[in-house]
Amino acid sequence: MSRVLICPVAFNEDIKLKNAVERFLRSPSRESYDYLIVDDASTDGTTEMIASFADRGVKTLRHASRQGVGAAIRTAIRYAEAQRYDVLVVMAGNDKDNPEEIPQLLAPVLTDGADLVQGSRYLAGKRIGGDMPLYRKWATRLHPLLFSIMTGKKMTDTTNGFRAMRLSLLQDKRISLDQAWLDHYELEPYILYKAVTLGYRVVEVGVSKIYPAKKLGYTKMKPITGWWSILRPLFYLWLGIKK
């Protein structure tokens with residue numbers, strides 16, 4: 001049996017993260033997988049909210065200062081490796097992902113030998129709901145188009161943070177996670193690009209993506225700097241600027 005760790009990462013997501021945790025604890029996945037939240041030095045009560053779930057098996061690691069979502073995912077990866085988990089599932093800490101879809105995301109890894117499974121909101125039959133801003137609709141279509149051209153592998157959704165990865169993939173010395181430029185939004189597209197171009201088995205699985213009400217804040221990503229953060233790993237790796 002493979003050991004699986006589910007990990008949302010969060011910075012100042014008090015209400016939305018609480019909803020995400022409660023949904024996970026109500027889901028069938030609750031009995032099958034461990035759950036770790038990486039708190040990127042929240043200041044809005046998120047840290048205290050997470051602590052209130054400790055007696056229900058919710059684990060947490062907290063950064064002493066804000067480091068970025070990529071650094072938070074790297075913390076989750078290092079924890080999972082140290083604790084000898086086999087698979088890590090990363091999901092949104094702002095309640096956009098459905099924990100009941102975790103088993104279908106994991107199935108290609110656990111039963112069919114996939115190394116990385118990318119969740120896609122754009123595969124047929126999947127639902128996108130809530131207040132998704134127009135610029136993100138365009139950007140989440142542009143990124144997979146560029147990714148597909150640069151890697152030669154057709155992908156439909158390369159910016160969705162809901163994904164599962166076999167931790168043995170990250171032992172490949174050609175994948176260098178500890179680069180400072182990967183601390184923010186760069187790490188996830190970096191791992192995906194590397195997995196594809198190094199010949200690992202990467203598949204997409206349809207998942208839903210429900211954006212919270214705008215008054216709760218649907219993202220912390222800034223339209224220009226945030227999207228350059230996601231785009232630049234493609235250009236850096238394609239042009240050989242970074243390793």
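The numbers here are math on the coordinates, done by the rules we state, and not lab data. No experiment lies behind these values; they were computed from the predicted model shown. Ideal geometry is used to build each Cβ from the backbone, glycine not excepted, and the neighbour counts take in all protein chains shown.
For the reader, a short list of remarks on this structure follows.
- Beta carbons closer than 7 Å, at least 6 apart along the sequence or on distinct chains, pair a first residue in region 64-90 that is without any contact (Cβ under 8 Å) to a residue 24 or more places away in the chain with a second that is surrounded by 14 or more Cβ atoms within 10 Å (Cβ to Cβ) and of a type in the set (Gly, Ala, Ser) for 64/41.
- Odd one out for residue 159, checked against (1) farther than 20 Å from residue 91 by Cβ; (2) hydroxyl-bearing (Ser, Thr, Tyr); (3) surrounded by 21 or more Cβ atoms within 10 Å (Cβ to Cβ): (1)
- Of the residues making up region 33-63, just one is among the hydroxyl-bearing types (Ser, Thr, Tyr), out of contact with any strand residue (DSSP E or B) (no Cβ under 7 Å at 6 or more places or on another chain) and in contact (Cβ under 8 Å) with a residue 12 or more places away in the chain, namely 43.
- Every residue from region 113-142 that is in contact (Cβ under 8 Å) with a residue 40 or more places away in the chain, out of contact with any strand residue (DSSP E or B) (no Cβ under 6 Å at 6 or more places or on another chain) and outside any loop (DSSP other than H, G, I, E, B): 135, 136, 139
- Single residue of region 115-127 satisfying the filter (within 17 Å of the chain's Cα centre (by Cα) and of a type outside the set (Asp, Glu)) that is surrounded by the fewest Cβ atoms within 10 Å (Cβ to Cβ): 122
- Residue tally, condition surrounded by fewer than 17 Cβ atoms within 10 Å (Cβ to Cβ), among the hydrophobic types (A, V, I, L, M, F, W, C) and in a helix (DSSP H, G or I), over region 1-25: 2
- Verdict on residue 36 being surrounded by fewer than 20 Cβ atoms within 10 Å (Cβ to Cβ) and not in a loop (DSSP other than H, G, I, E, B): no
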